[in-house]
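Since the structure comes first, as structure tokens, the remarks are kept for the end.
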Amino acid sequence: MRLLVHPVTPEPRKIARAVEILERGGVIGYPTDTVYGIGCDLFDKKAIERVYTVKGMRRDQPLAFLCADLSDIARFALVSDEAYRMMRRLVPGPYTFILPATREVPKIVVLKQKTVGIRVPDHPIAQALLRGLGHPIISTSASKGGEIVTDPEDIEDLFLLDLVLDGGPSGQDASTVLKFGEGGAMEVVREGKGAVP
């Protein structure tokens, strides 16, 4: 099912419907400030397993998640002073930060290195979803065979999802991925839509 949503002022009843699906363990497609994401409630293990299946991903491949704001990130990751200063400049925006995970993060999402990928999207629909649900949403790009799928109609056809929030076509550039170590040193893992700081 695909639901047209205004990309700048998303209709509350449509967001509420998507949130209800997430709360029931559903998997949805939704626009972000980079590409369309496929995701579910961060705290629903069965739904996370479904995301892996829907995308055809190996279980050792990382899944990032979206937070509503910077204060949310501190709950799920250990943020050094250096990382915090940089993140304050860059969020919300097209960046994913790889940070040491806290115990709040479900084990299924934590990598062997005890890190997580977190981002704060600069998109009204993604933000409305996060605020409606009240906690983070899993986020993996809507891509098939390494190709980003930019059209919501194609996303509906290619993936077995409970709902696609259609906010119009997306771009093709994924987020820029920045990794911060315990000491605050930064490494650029992937160059994407966000300019490398």
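General observations
- Scanning the range 113-140 for residues that are in contact (Cβ under 8 Å) with a residue 12 or more places away in the chain, within 25 Å of Thr53 (Cα to Cα) and surrounded by fewer than 19 Cβ atoms within 10 Å (Cβ to Cβ) turns up Lys114, His135.
- In the range 1-51, the residues that are in contact with a Lys or Arg (Cβ under 7 Å, 6 or more places away or on another chain) and either on the phi > 0 side of the Ramachandran plot or in a strand (DSSP E or B) (or both): Leu3, Gly25, Ile38
- Hey, Ala128 part of a helix (DSSP H, G or I), of a type outside the set (S, T, N, Q) and at pLDDT below 90 or not: no
- Identity of the residue in the range 23-75, of a type in the set (Ser, Thr, Tyr) and either closer than 22 Å to Asp154 by Cβ or at pLDDT 95 or above (or both), that ends up surrounded by the fewest Cβ atoms within 10 Å (Cβ to Cβ): Thr53
- Residue check, Gly168 outside any helix (DSSP H, G or I) and modelled with pLDDT of 95 or more: yes
- Close pairs from the range 1-17: first over 8 Å from Asp166 (Cα atoms), partner among the acidic types (Asp, Glu), Cβ under 8 Å, at least 6 apart: Met1/Glu156; Met1/Asp162
- Residue pairs whose Cβ atoms lie under 6 Å apart, separated by 6 or more positions or on different chains, with the first residue in the range 33-52 and under 13 Å from Pro136 (Cβ atoms) and the second at pLDDT below 95 and among the β-branched types (Val, Ile, Thr), are Ile48/Ile108.
- Taken together, the residues in the range 85-104 that are over 14 Å from the mean Cα position of the chain (by Cα) and either free of Cβ contacts under 8 Å to residues at least 24 places away in the same chain or closer than 30 Å to Val5 by Cα (or both) amount to 6.
The values are calculated or read from the model by the stated rules, or taken from the named source; none is laboratory data. Not measured: the values here are computed from a predicted model. Ideal geometry is used to build each Cβ from the backbone, glycine not excepted, and the neighbour counts take in all protein chains shown.
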